[in-house]
1. Does region 172-189 include one or more residues that are closer than 30 Å to Val595 by Cβ and loosely packed, with under 15 Cβ neighbours inside 10 Å?
2. Taking Leu142 as meeting all but one of (1) modelled with pLDDT under 95; (2) in contact with a helix residue (DSSP H, G or I) (Cβ under 6 Å, 6 or more places away or on another chain); (3) in a loop (DSSP other than H, G, I, E, B), write down the number of the exception.
3. Can you work out which of the residues in region 336-363 that are of a type in the set (Lys, Arg) and within 23 Å of Asp456 (Cβ to Cβ) is modelled with the highest pLDDT?
4. Given the residues Asn406, Asn427, which is the only one that is surrounded by fewer than 17 Cβ atoms within 10 Å (Cβ to Cβ) and not aliphatic (A, V, I, L, M)?
5. Is it true that Val210 is under 17 Å from Ala138 (Cα atoms) and of a type in the set (Val, Ile, Thr)?
6. When you check Tyr324 against the structure, is it over 21 Å from Asn449 (Cα atoms) and either touching a strand residue (DSSP E or B) at 6+ places or on another chain (Cβ under 6 Å) or hydroxyl-bearing (Ser, Thr, Tyr) (or both), yes or no?
7. Suppose we keep only residues that are on the phi > 0 side of the Ramachandran plot and without any contact (Cβ under 8 Å) to a residue 60 or more places away in the chain within region 315-346. Which one would you say is surrounded by the fewest Cβ atoms within 10 Å (Cβ to Cβ)?
8. When region 442-473 is examined, which residues are found to be in a strand (DSSP E or B) and surrounded by 14 or more Cβ atoms within 10 Å (Cβ to Cβ)?
Amino acid sequence: MKRRDLLTLPAGALALSGLAATASATEGRKVLRVSFRVAETGFDPAQLSDLYSRTVTPHIFESLYQYDPLARPSRVVPLTADGMPEVADNYRTWTVKLRPGIYFADDPAFKGQKRELTAADYVYAHKRYADPAVKSPAWSWLEGFEFVGLAEARKKALDGKQPFDYDSPMEGLVALDRYTVRFRCATPRPRFLTSALAASDLLGAVAREVCEFYGDTIMAHPVGTGPFRLAQWRRSSFIALERNPGYREVRYDAQPAADDAEGQAILARLKGRRLPMVDRVEISIIEESQPRWLNFLQGASDVLDDVPAEFIERALPGGVIAPYLAKQGISGQRMVRSSTDYTIFNMEDPVVGGYEPHKVALRRAIGLAIDLPTEIERARRGQAIVAQSAAVPHTYAYDAAFKSENSEYNLPRAKALLDLYGYLDKNGDGWREMPDGQPLLLRKMTQANQQSRELDDLLRRDMKALGIQVEFITGKWPENLKAARAGKFQMWGVGGVAADPDGQSSLQRFHSRQIGGQNHARFRNPRIDALYDRLSELPDGPERKAVFAEIKRLSIVYMPYKAHTHRMISDLVQPWVIGYRRPLFWQEWWHRVDVLPRSEGSGA
């Protein structure tokens, strides 16, 4: 460790002090320790849209299908389903058999009885998104599947101002018998398997009696059929999961490609092992980069997921694990993530919102003035590539050959656009005003961490060069998310991660049905709405590729979002952790790794 790291050890040691509090809970058991750089919001799938909460919930709730942990390209396999789905009526009807003998984790809501998973639990889980009382931010996403009768049931509850009727029969969601569930969509859904049935925690089975038992506190009481259950939760500070003692017998299995040496090595070591392989998972929320980095160096965390950019060159110079870490048996992994970082413009804001030519010109000028190469070099430490659109790598929607204005850094052109549309310095104070003479001030939500500060400094510099003042409003990430959902902001910078290998979901933020959900910009465009809906029905091929390209083109024309980068993500793994491999599109992996006693740890 370098001297400057040693001088800051006391700050990092604060994280170690928290371990004493859980020593009695972990003694003699296998414990996996990880950290989040952003706080969670809760653990009810129907109420979530943030990545960090959704990293926890897939280990508690189970969907019908899952992704093979080692297959590249991705491969869907049954999880609670008994075999693959039966498909009929031109991809409109999907019928799935459940495997009998799967049980929910024990909970007081079940009044001492073992509770078996049934088809009705999946029907109920889907219906919860439509219940206005749940206020699900993902309802607009689920609505897009057009389950026959579901939207009508929601409208009836809204119009009649009465509770949602969970018991009324519905053609689109039917439990045919105890172990058979049928989904029926109004239009063809060729990718329903990957986009919905393998949606992991979001559409994982939920027991109705649990939701009714806990009511408004359900976010703190997740009860599923998965390998872990929630043991402790100190909001925005610490989360602990423990092995679900009633979890069925599930063995590690995968199908890596024959030439995938790393995947084959993991399979050889873990094949046939019963899951989960660890007894407990402890998650510390460490928002600042330096304490999170030191936490890992001290061995207080077992995997450093997404190495902070400012420590990349110390950890993986040139993409290779640093010698001082390699000597300790620490290994590293790097990949271009299936994600996009972007700036959101609130389209309902009186300054940056709107569809008039001068409002479009303002957003496009801001986009042209953002120096992405410098952002990648300084704030990202070279660990990113410039984004051409919101479509993310490793997905069908992504086209490496696609180029657009979105990636262009052109300050003279940005200034000319503002001059043309009347954003001039009318009072001689050195800053541009609105065309009507009112002050032009950008107000961007941000977070109090090192990388956010670096990104904010770069934006301030870029906007100063353009002649625009910018102000930053600092808040906790969950608070900023809440404000964005409600449309109570002007600008915000966030990232989005692909949930499946198709990539259509990465463009849902441009669909007006997603306002209040993933469409934080509150963007409305009938042409894009129609194109997005068309994507769901078309089979893969040239016509569908052309629709993707047109959505990307129109989104850049109106620029409700300025896509910045696709980040490279680097992870560090302690030598005593066996089997870690970063998932491409899903979040669950904690039950698929083993943690050895540290004396036995090796770089294997």
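1. no
2. Single failed check for Leu142: (3).
3. We begin by selecting, within region 336-363, every residue of a type in the set (Lys, Arg); these are 337, 359, 363.
Imposing the further condition that a residue be within 23 Å of Asp456 (Cβ to Cβ) reduces the set to 337, 363.
Details: Arg337: 90, Arg363: 98.
Top of the filtered list is Arg363.
4. Answer to the check: Asn427.
5. No: the conditions fail for Val210.
6. Criteria met by Tyr324.
7. So in region 315-346, the residues on the phi > 0 side of the Ramachandran plot come out as 318-319, 329.
This time we only want the ones that are without any contact (Cβ under 8 Å) to a residue 60 or more places away in the chain, so: 318-319.
Working: Gly318: 6, Gly319: 12.
Only one residue fits best here, namely Gly318.
8. Leu442, Arg443, Lys444, Met445, Thr446, Gln469, Val470, Phe472, Ile473, listed by residue number.
The values are calculated or read from the model by the stated rules, or taken from the named source; none is laboratory data. In this text, all values refer to a predicted model and were calculated from it rather than measured experimentally. With ideal geometry, Cβ positions are generated from the backbone for all residues, glycine too; neighbour counts draw on all protein chains shown.
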